[in-house]
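One structure is given below, encoded as structure tokens.
The values are calculated or read from the model by the stated rules, or taken from the named source; none is laboratory data. Not measured: the values here are computed from a predicted model. Methodologically, a virtual Cβ is constructed for each residue, glycine included, from the backbone with ideal geometry; neighbour enumeration extends over all protein chains shown. Heads up: the accessible areas ignore ligands, DNA and RNA and are worked out on the full protein's heavy atoms, side chains in. Shrake-Rupley method; radii C 1.70, N 1.55, O 1.52, S 1.80 Å.
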Amino acid sequence: MGHFVIVGILVIVMAILTYMGLDLAGVATQMHPVEASLQSLSIDWLWHWQIVAISFLFSLIVVPMAYSMIVFRRRKGDTSDGEHFEGNTTLEIVWTVIPLFAVLVLAYMGSYSLGETRRVDPNAITIKVKAQQFSWTFEYPEYGIVSNELHLPVDQQVVLKMESSDVIHSFWVPEFRVKQDVVPGRVTEYRITPILVGNYKVRCAELCGASHAYMENGVIVDTKSDYDAWITEQQAAALANQTPEGKGQALTVKNGCIGCHSVDGSKMTGPTWFGLAGSTVELADGTTVVADDAYLSESILNSKAKEVAGFSPTVMPPYSLTPEEIANIIAYIKTLK
Amino acid sequence: MSHTQDKSSALAQGVVIFVYLALLTALEYFVAVTFDAVSILVVIAVIKLALVMYYYMHIYKLNEGAEGDQHSYEYKTGTMRLGLWLFLLSDAFVFAGLLTTRINLLGLTRPHLNQLLGLGVTSVLLLSSFFMNRGETAMAHGDKKGFMNNTIITFVLGLGFLFGVVLVEWPLAAKEGLVASFGDPANGPMGAVFYMMTGMHAFHVLTGLIFLAVVWNNARKGVYSAEKHWGVEAAAVYWHFVDLVWIIFYPALYLIGKLIG
Amino acid sequence: MKKFFSTALMRGLFWQLIGTLVGAGLVTGIRAIMGLSTTDTFFFTEPAWVLGAFFGVLFFLAGNGSVTDWFKWARGIETPEHHEEHYSGWEKYFNVSLDHKVIGIQYTVTALLLISIGGLFALIFRTELAESGLQFLTLDMKLFGQNGPQLYNTLMSLHGMIMIVSILLGVAGIINYVVPLLLGAQDMAFPRLNAFSYWIAVPAAVLLLMSLVLGGFGTGWTGYPPLSARAPVGVQMFFLGVWTAGWSSILGALNVIATVIRMRSKGMTAMRMPIFVWAAVATSIIAMTATQLIGLSFQLVMFQRLLGMGFFDPAKGGNPVLFQHLFWFYSHPAVYVFVLPGLGVISELLPVFARKPLFGYRWIAMSSMGIALVGFLVWAHHMFTSGMNEYLRVPFMYSTLLVAIPTGVKFFSWVATIWKGKLSFETPMLFVVGAIVVFLMGGLTGPPNATISVDLHLHDTYFIVGHFHDTIFGGFVFPFFAALYYWFPKATGRRMNETLGKIHFWLMTPSFFVLTLGMMDVGLLGMRRRIVDYDPALGFDNVHLVMTIAGYLIGLSVMIFIYNFFNSIKKGEKAEGNVWNSRSPEWQVPSPMPTHNYDQPFEVVGEPYDYGLPGSKYVEFIVPAAKSKHK
Ligand code: HEA
Ligand code: HEA
Ligand code: CUA
Ligand SMILES: [Cu+2]
């Protein structure tokens, strides 16, 4: 009996120590990043109890093992066998039924927590999300705004209606916890209620190609008043931007061009647009061309036609844009000097 | 119902089973053209499967040869039989996967196909199974000539099925537009599913034909006897399996669901 | 050297090359006649590469002689049941052999080679991850038609798939070597099929590596369309390679099941089989059936690419999520293929080193079957965020959680086995203990993934990466090493160096903990999987650096093992008797094992694990007189 008492005590001590260790590492009571959404609360709640269970179960196995390894190790010169003990049906039933019970509890808690994260607020604001290699575009249908930053009012449920124009992406803001794949050919829904004002990022969580790592856009949770101010500002900007260059810029946001092309000279998946117009472009076959309007429009419609040196031609998807739209984009590219 | 039964009653049994299968197929067709009842079609298909597995493929033989000397021919044949059935089980998962694909992508719709042709090739394949059964029974009773004749008939029917599907049905379906685009938003990938399912099945028919040719040639050389003819049994079981798959695929492609396109 | 180039391996590879050229040439010729383009970025067009690769596999098998006997049978020519070995020494292993022991070793060594290659890839991409930003896999570099990030994705995906194939081969290696010995069988039920199953894996591995040079494929080992439908032609080699390796797995598993059902010794009833045999059967049930679906899922994408069939193309009415169902219907049960044999090794070795009966034999045997069968019903837990039907997720959460119960039974029974044993810690036992702890960590991080709401955070993060490295190392890598140290003397008559073995263990285990705990930590914080670069603002640089160092240390420990392994074959300490004082039949005869296994058949007369029961016996060899009557 003595062994059992000692092991029992050690299991409890070890479980507490494990839990404290995990807490110290910051992973016990919540999953690391700040809790910025209502949904994160019930998720972290479940997580916390799972950490408690894991600490206990881990100790429950490891402690008696370590204890046996030390106390029951074979002494030098001892060649005898251990006790002949083949099994015990009661024990087997005990350690089948208790985990079964634990599993039932976990299943219940899991369903409860899922229910909480799926809770629907009928007054949720709808925002349209478009994912493309390798950027996100957000459209506010009520206000006619298109942006590559997602602004959300705090304490207000939003529902994102998400579509992909190429491959599968996944919408994930770690601080919100929840993630949802964006699948071409269907609209997936993402419901979230931000509760903490701050600057976050949506990080694409499904491998979607060469620049998957960089498919990150800003997500800003504003106070109600800041949010309204931002909406007004965007609407005004949209009005002011009725010039060709302005429309062109909007188009590059809407079509996700800026996921691959920088406007400040830095290198991304595609060549930068900074100083592109009128410059001499080196092609993969060693020849050069001058980036005049014809070249630019050809590149936009079919980037494979002339391969730029150092980039892979298969990456840029073909776009179907009207001549006017292309002209606008080119006008915008020309402003980037 | 074991292999000890005498030849004429075994052959008679083959006839009875074939009549059952033929009637069920006719019923199936009739049900499908008159009213829409997936569940009835499923039940009929399952009955057909059971009949073929039990009476033509002799699934009960898996229990035989479990005892005795591990080096004897019977014991080894028992092992091979188990191996073959395990292989068929594994292969069945491919077809189950294709069927799942079909159900997921097409749901309760079906492609525009020539119904008479479908019924025709189905009958041909069923008939080939009947002759295969006769051939195998003949061999089991040491009748080499009977085996060879019946196998030739099976082979020709099998070839007929293959030509019917690949050389007649495929071009016909292509004309219906099934290949032009392997799928469009309205119809879904109807053509893709159709060609993949029939193609995978046709590939198995082809391997079955090769298998038949091989055992036929070996029989000619006198390799098999009433006691030792595992190769014949294997070829027969495999051939019936190919039939089995078609018993499912035929209603899945031709009979179930609303016609589209 | 000349001998080496005329081995079946080299002949096979030579014919694979010819086959590839023939197949590719054929398609190119037809295309030329039809007036279609004949060359592409990687010289041949995609259809040409695919048919070439396929022909390559066929030519390999025909050319290396592993199907010769079948062709003879087809022509009505009988062949002797067993070939006498033509070769001795190392040559035996490079040629086609029908001996399950030789095949087991061929599998095992191939698995070690692939682990090294896959591990090397891991070390390469881990080096890039050591710091945020792009250091050497930059946008400017170009190798095999890929820039840095694309190369990262290829290496990462290949790391995953090569490692998985190496597990399948390693598992097959142990099972092949050990199961017939444990059953008292002369060989597997179908020796030719067994050789075939091994040899088909070789061209498969070649195809996987070919994908790297044909433009790679940055899709992850899961190869989800539409991304894989747009990847370079390398992805076709990947698909075909996996498809081919799948056949190795399917046919090998079929053989195992037939062997266990038909080839047991006298008196070996189901409940008296060594416990590892149960694990092998449970594994094989999965491998034999479910594997077909990964093959099919990849095949459908191959055809989507080749012929424009729109199975998974939404623009054509296809459904990308369907692919995920087909894929995971195999790939979830597959994870139990990885671990069940390993758990079987743990159950098999623990009694030997604890000198006590296996606690609750029946329960452990049944739990293997339970895990295998429930494992068929949980696949969609990989798809909680995929956009599949909301409500379908819940039953999958429940079924997934259920797996904890049979797995728990194993753990508790192991603890009870150790309890009050007389434990000794030779290298195999160290790896067994390591396996239990590591697998426990992996297992316990499973249920959080299974509860949907928590998984919405964890999915596709390094937490998952940590989870599965733990389960895979605990369930496969550690037990695999334990098995190698344990059965090495049986195969060679020598044992591996204990000191190096202990260094291997004490270097690998702590490094491994650091690696995976680090993975889980950054994963929770927001580190996504499959990214070449991470946001420096997240502050992961230090942890990643430590993880990379830990990865190198694991690599170092594996290199020590490989040195020890090959060095001990010739130079190891002689060990021809029952080194571990085991009751198992294979240890009752001298090592190395004779070619046709047991000279005298044995009969099972007791329980397999009755350690500590004086006078009890598991097997008794039947006296030659009885034997001569049979022959
Ligand atoms: C060797 C392989 C292996 C094993 C054995 C497991 C075992 C388990 N896995 Fe794991 N898993 C993988 C390999 C493995 N996994 C891989 C490779 C992936 C990623 C694939 C990819 O996307 O690339 C993955 C991903 C993965 C996911 C998807 C995560 C995601 O992508 O979002 C989930 C979700 O449910 C999951 C769950 C589980 C569970 C519940 C178990 C259970 O079987 C664990 C059971 C064991 C225990 C629970 C511990 C012992 C039990 C007790 C001590 C009893 C008491 C316990 C309780 C009552 C809880 N795994
Ligand atoms: C058997 C399975 C297995 C094993 C053993 C390992 C071993 C290792 N894995 Fe593995 N890993 C997977 C299976 C495995 N992994 C899978 C399935 C994935 C998912 C892929 C995907 O997402 O698609 C993955 C993904 C994965 C990632 C995530 C990548 C990403 O998402 O971007 C990381 C990151 O750190 C990683 C690291 C490591 C490291 C450092 C090791 C180390 O243990 C490696 C140690 C090194 C060696 C074992 C090699 C030693 C030998 C030599 C150096 C000699 C070489 C000489 C010659 C070849 C001649 N792995
Ligand atoms: Cu989009 Cu990853
Ligand atoms: Cu899984």
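Can you confirm whether residue C:473 is assigned by TED's automatic domain parsing to the domain that holds residue C:340 and either away from ligand 4 (no atom under 16 Å from the Cβ) or open to solvent by less than 10 Å² (accessible area, probe 1.4 Å) (or both)?
yes
Given A:147, A:170, which one is touching a Ser or Thr at 6+ places or on another chain (Cβ under 8 Å), within 16 Å of ligand 2 (Cβ to nearest atom), open to solvent by less than 50 Å² (accessible area, probe 1.4 Å) and closer than 30 Å to residue A:247 by Cα?
The match here is A:170.
If we scan region C:356-375, do we find a residue that is assigned by TED's automatic domain parsing to the domain that holds residue C:583, open to solvent by 10 Å² or more (accessible area, probe 1.4 Å) and not in a helix (DSSP H, G or I)?
no
In the set C:359, C:376, C:353, C:312, which member is more than 10 Å from chain A (Cβ to nearest Cβ), of a type in the set (Phe, Trp, Tyr) and either closer than 28 Å to residue C:175 by Cα or more than 13 Å from ligand 1 (Cβ to nearest atom) (or both)?
Residue meeting the stated conditions: C:376.
Do any helices (runs of 4 or more DSSP H) lying entirely in region C:426-479 carry at least 3 residues that are within 19 Å of residue C:347 (Cβ to Cβ), more than 10 Å from ligand 1 (Cβ to nearest atom) and not hydroxyl-bearing (Ser, Thr, Tyr), and which ones are they?
Answer list for region C:426-479: C:427-444.
Quick test for you: out of C:259, C:244, pick the one residue that is farther than 25 Å from residue A:185 by Cβ, part of a helix (DSSP H, G or I) and more than 12 Å from every other protein chain (Cβ to nearest Cβ).
C:244
Restricting attention to region B:208-237, which residues are touching a Phe, Trp or Tyr at 6+ places or on another chain (Cβ under 8 Å) and without any contact (Cβ under 8 Å) to a residue 24 or more places away in the chain?
Matches in region B:208-237: B:218, B:231.
Could you list all residues from region A:225-276 that are of a type in the set (Ser, Thr, Tyr) and within 21 Å of residue A:136 (Cα to Cα)?
A:227, A:252, A:262, A:266, A:269, A:272
Return the residue satisfying two criteria in turn: it lies in region A:188-199 and is free of Cβ contacts under 8 Å to residues at least 40 places away in the same chain and either farther than 19 Å from residue A:133 by Cβ or not assigned by TED's automatic domain parsing to the domain that holds residue A:158 (or both), and of such residues it is most open to solvent (accessible area, probe 1.4 Å).
A:199
So, residue B:136, is that one closer than 19 Å to residue B:216 by Cα, of a type in the set (D, E, K, R), out of contact with any strand residue (DSSP E or B) (no Cβ under 9 Å at 6 or more places or on another chain) and buried (at least 19 other Cβ atoms within 10 Å of the Cβ) or not?
Here the answer is yes, as residue B:136 does meet what is asked.
Name the single residue that is most open to solvent (accessible area, probe 1.4 Å) among those in region A:18-43 being touching a residue at least 12 places away in the same chain (Cβ under 8 Å) and within 14 Å of residue A:54 (Cβ to Cβ).
Ranking the candidates gives A:29 first.
Of the conditions (1) modelled with pLDDT of 95 or more; (2) more than 24 Å from the chain's Cα centre (by Cα); (3) within 16 Å of ligand 1 (Cβ to nearest atom), residue C:512 satisfies every one except a single condition; which number is it?
So the condition that residue C:512 fails would be (2).
Looking at region A:113-174, what strands (runs of 3 or more DSSP E) fall wholly within it and have at least 3 residues that are within 12 Å of another protein chain (Cβ to nearest Cβ) and not hydroxyl-bearing (Ser, Thr, Tyr)?
Hits in region A:113-174: A:169-172.
Looking for something within 12 Å of chain C (Cβ to nearest Cβ), within 27 Å of residue C:260 (Cα to Cα) and open to solvent by 50 Å² or more (accessible area, probe 1.4 Å) - is there at least one such residue anywhere in region B:44-58?
no
Where in region C:125-237 are the helices (runs of 4 or more DSSP H), entirely inside, with at least 3 residues that are within 14 Å of chain A (Cβ to nearest Cβ) and not charged (D, E, K, R)?
Per the criteria, C:148-183, C:227-230.
When you go through (1) assigned to a helix (DSSP H, G or I); (2) surrounded by 12 or more Cβ atoms within 10 Å (Cβ to Cβ) one by one for residue B:36, which number turns out not to apply?
With (1) assigned to a helix (DSSP H, G or I); (2) surrounded by 12 or more Cβ atoms within 10 Å (Cβ to Cβ) applied to residue B:36, the lone miss is (1).
Hey, among the residues in region A:204-221 that are within 16 Å of residue A:183 (Cβ to Cβ) and facing chain C (nearest Cβ under 7 Å), which one's nearest to ligand 2 (Cβ to nearest atom)?
A:207
Determine whether residue C:54 is in contact (Cβ under 8 Å) with a residue 12 or more places away in the chain, outside the structural domain of residue C:236 (by TED's automatic domain parsing), within 29 Å of the chain's Cα centre (by Cα) and open to solvent by 50 Å² or more (accessible area, probe 1.4 Å).
Here the answer is yes, as residue C:54 does meet what is asked.
Answer with yes or no whether residue A:63 is modelled with pLDDT of 90 or more, open to solvent by less than 50 Å² (accessible area, probe 1.4 Å) and more than 7 Å from chain C (Cβ to nearest Cβ).
Judged against the criteria, residue A:63 is a match.
Which is over 30 Å from residue A:28 (Cα atoms), part of a helix (DSSP H, G or I) and more than 8 Å from chain C (Cβ to nearest Cβ), of A:98, A:93?
After ruling out the rest, the residue left standing is A:93.
Using the structure shown, decide if residue C:573 is away from ligand 2 (no atom under 16 Å from the Cβ), open to solvent by 80 Å² or more (accessible area, probe 1.4 Å) and in contact (Cβ under 8 Å) with a residue 40 or more places away in the chain.
yes
Do the conditions hold for residue C:341, that is, is it away from ligand 4 (no atom under 16 Å from the Cβ) and in contact with a Ser or Thr (Cβ under 6 Å, 6 or more places away or on another chain)?
yes
Give C:297, C:331 a once-over and let me know the one that is within 16 Å of ligand 4 (Cβ to nearest atom), surrounded by fewer than 24 Cβ atoms within 10 Å (Cβ to Cβ), more than 14 Å from chain A (Cβ to nearest Cβ) and touching a residue at least 24 places away in the same chain (Cβ under 8 Å).
It is C:331.
If you go through region A:75-90 one residue at a time, how many are more than 51 Å from the chain's Cα centre (by Cα), facing another protein chain (nearest Cβ under 7 Å) and farther than 8 Å from residue C:422 by Cβ?
Number of matching residues: 3.
Would you please name the residue that is farthest from the other protein chains (Cβ to nearest Cβ), looking only at residues in region B:93-114 that are out of contact with any Gly (no Cβ under 6 Å at 6 or more places or on another chain) and open to solvent by 40 Å² or more (accessible area, probe 1.4 Å)?
So the residue we want is B:114.
Name the residue that is farthest from ligand 1 (Cβ to nearest atom), counting only residues in region C:133-150 that are in contact with an Asp or Glu (Cβ under 9 Å, 6 or more places away or on another chain) and open to solvent by less than 20 Å² (accessible area, probe 1.4 Å).
Step by step, filter region C:133-150, then rank; the result is C:147.
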